[in-house]
Amino acid sequence: MTTYYLLHASPVGELMLVCNGTGITDLHITAGKYVPAVSSDWVHDERQAVLQQARRELDAYFAGKLRTFSVALDARGTDFQKRAWAALSTIPFGETRTYGQQAHSMGQPTAVRAVGAANGKNPIGIIVPCHRVIGADGTLTGYAGGLGNKELLLKLEGVL
């Protein structure tokens, strides 16, 4: 299966969008942590349909015109990580949850640290909104795209 990618400017910095032709596999702020290296067999394609849809939706999100993404996703991870990321996707625009609340929503209230680790490995930032998870005391904690960008995203959504 071919891997396609493009780089896209945004208010949080340059984004790397990656897909396998059927769904987004990665979305990272390039100045953040865990950005995959472009492989020699990846194809840079500004016209690939999934990437175009993701780019349009991200632009609409940053313009305040989109609250829910509909682009197809195809994240790779362990079963637990996928459950954690699915729980992230249920957090509505403009709301936050604590790691404990997320663990509880997954039926594993004692797995707070494991949830935090899974969130930290979220390969599809912004669309799978790990930025909406905060510390139990209300502080902004860990974000692979940088805490300043987490704050910017939460301000965009009217949380801060």
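Only the coordinates and a few stated rules stand behind these numbers; no lab work does. Treat the numbers as computed from the prediction; the structure is a model and nothing was measured. In this analysis, Cβ positions are derived from the backbone assuming ideal geometry, glycine residues included, and neighbour counts consider all displayed protein chains.
Here the spin labels are modelled as points 7 Å beyond Cα on the Cα-Cβ line, and at T110 and T90 they lie 2.1 nm apart. Taking the DSSP bridge list for the chain and keeping only pairs wholly inside it, about 60 percent are antiparallel.
When peptides 40-48, 53-61, 120-128, 86-94 are sorted by average Cβ neighbour count within 10 Å, with the highest value leading, the order is 120-128, 53-61, 86-94, 40-48. Close amide-amide hydrogen proximity is noted between L73 and I24, each under 5 Å apart and 5 or more residues distant or on a separate chain (H modeled in the peptide plane; Pro and chain starts excluded). With contacts taken as Cα pairs under 8 Å at a separation of at least 6 residues, the chain carries a relative contact order of 22 percent. When the alpha-carbon atoms of the chain are used, the pair Rg, Dmax equals 15.1, 45 angstrom.
Using the Cβ-Cβ distance between M1 and D137 with R0 = 30 Å, the FRET efficiency computed as 1/(1 + (r/R0)^6) comes to roughly 0.10. With R₀ set to 35 Å, the beta-carbon distance separating L66 from A117 gives a calculated FRET efficiency near 0.75.
Whole-percent P(r), segment 79-156, all Cα pairs, 5 Å bins from 0: 3, 18, 32, 29, 14, 4, 0. Relative to the present Cα-Cα distance, how much length would full extension add between Q52 and S40 at 0.36 nm per residue of separation? Extra length from Q52 to S40 when fully extended: 2.2 nm.
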